[in-house]
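> Got a structure here, written out as structure tokens. Questions coming.
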Amino acid sequence: MAYETISLDATPGGIAVITLNRPEKHNAFNAIVIEELTDAIETLTEQTTIRMVILRGNGPSFSAGADLEWMKAAASYSRHENEEDAFKLAEMLRKLAALPQMTVALVHGAVMGGGAGLVAACDIAVAMKDTKFRFSEVRLGLTPATISPFVISAIGPRWAKALFVSAESFDAAFAERIGLVQYVVETNEGLLEMEEYLADLASKAAPGAIHDSKRLVHDFAGVAIDQSLSHETAKRIAARRVSDEGKEGLSAFLEKRKPGWAE
């Protein structure tokens, strides 16, 4: 589909870039943004040549959260219509988190509400030092319900609860401290350097192994460490060892050469 509010580009090296492209609105969410992000994510899910997906924002902000006109329209919806509307956002975030590729959010400016949900749904996040974050929903009489599973997974229940109920603004250094982002850089050039660094890491890793590693975290976080879990983890590494990627990786290591996916 032709996009109005985002762009989707890919490099010959297998890097896809989704850019939020409503700079005059600080890349605020509305129904069209959610629909287009969903389409782009679904498209990338099937692209085996894509090794890394980058999410960024055009203009002064990564994303300032919900669009005011969208929220105004939602105020006149029935409860059922609101549920259907919110479900689309929740599913977009779920599909982003489930992408088989390494996903990276490169953020700057304002990262509010749903924008912070996008960050939490990615595997890795890099923020410029002057980025401002906030879960601002309670100030509007709302809650960050649709983004909450991803934020809680990223920063834990204690900090999630504190930031949800207070709507406190925080900077990139604090976001790094609590785990919402993993890296903080000084400048836009620093963002580009981190993009190149992470792309290099993605190119050296087996695509299927990246996907399966993401599933490990999804499936085992918070699970009791007992004998049944030991059996399940043994099954998963056994499946990897006999896979084409596993065999190629071991052969390449023993033969002191690059594996096929890194050539």
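> Among the residues of region 62-74, are any within 20 Å of Ala125 (Cβ to Cβ), in contact with a His (Cβ under 7 Å, 6 or more places away or on another chain) and aliphatic (A, V, I, L, M)?
Yes, there is a match, as at least one residue in region 62-74 is within 20 Å of Ala125 (Cβ to Cβ), in contact with a His (Cβ under 7 Å, 6 or more places away or on another chain) and aliphatic (A, V, I, L, M).
> Residue by residue through region 4-31, note down the ones that are outside any strand (DSSP E or B) and open to solvent by less than 70 Å² (accessible area, probe 1.4 Å).
Once the filter is applied, which keeps residues that are outside any strand (DSSP E or B) and open to solvent by less than 70 Å² (accessible area, probe 1.4 Å), region 4-31 yields Thr5, Thr11, Gly13, Gly14, Asn21, Arg22, Pro23, Asn27, Ala28, Asn30, Ala31.
> So, in region 35-83, of the ones that are assigned to a loop (DSSP other than H, G, I, E, B) and open to solvent by 80 Å² or more (accessible area, probe 1.4 Å), which residue ends up nearest to Pro144 (Cα to Cα)?
That would be Ala75.
> Sticking with this structure for a sec: What is the one condition in (1) part of a loop (DSSP other than H, G, I, E, B); (2) under 30 Å from Gly113 (Cα atoms) that Lys256 does not satisfy?
Every listed condition holds for Lys256 apart from (2).
> Go through region 30-73 and count every residue that is in contact with a Ser or Thr (Cβ under 7 Å, 6 or more places away or on another chain) and among the aromatic types (Phe, Trp, Tyr).
The number of residues fulfilling the criteria is 0.
> Do we have any residue at all in region 68-75 that's under 26 Å from Met128 (Cα atoms) and in contact (Cβ under 8 Å) with a residue 60 or more places away in the chain?
No, every residue in region 68-75 fails to be under 26 Å from Met128 (Cα atoms) and in contact (Cβ under 8 Å) with a residue 60 or more places away in the chain.
> Okay, moving on. Out of Ala205, Ala238, Ala252, Ala224, which single residue is under 19 Å from Arg51 (Cα atoms) and aliphatic (A, V, I, L, M)?
Checking each option against the conditions leaves just Ala205.
> Considering only region 84-104, state which residues are surrounded by 23 or more Cβ atoms within 10 Å (Cβ to Cβ) and touching an Asp or Glu at 6+ places or on another chain (Cβ under 8 Å).
Met102, Thr103, Val104
The values are calculated or read from the model by the stated rules, or taken from the named source; none is laboratory data. Quick caveat, the model's predicted, so the values are computed rather than measured. Glycine gets a Cβ as well: all are built from the backbone with ideal geometry, and neighbour counts include every protein chain shown. The accessibility values were calculated without ligands, DNA or RNA, using every heavy atom of the protein model including side chains. Shrake-Rupley method; radii C 1.70, N 1.55, O 1.52, S 1.80 Å.
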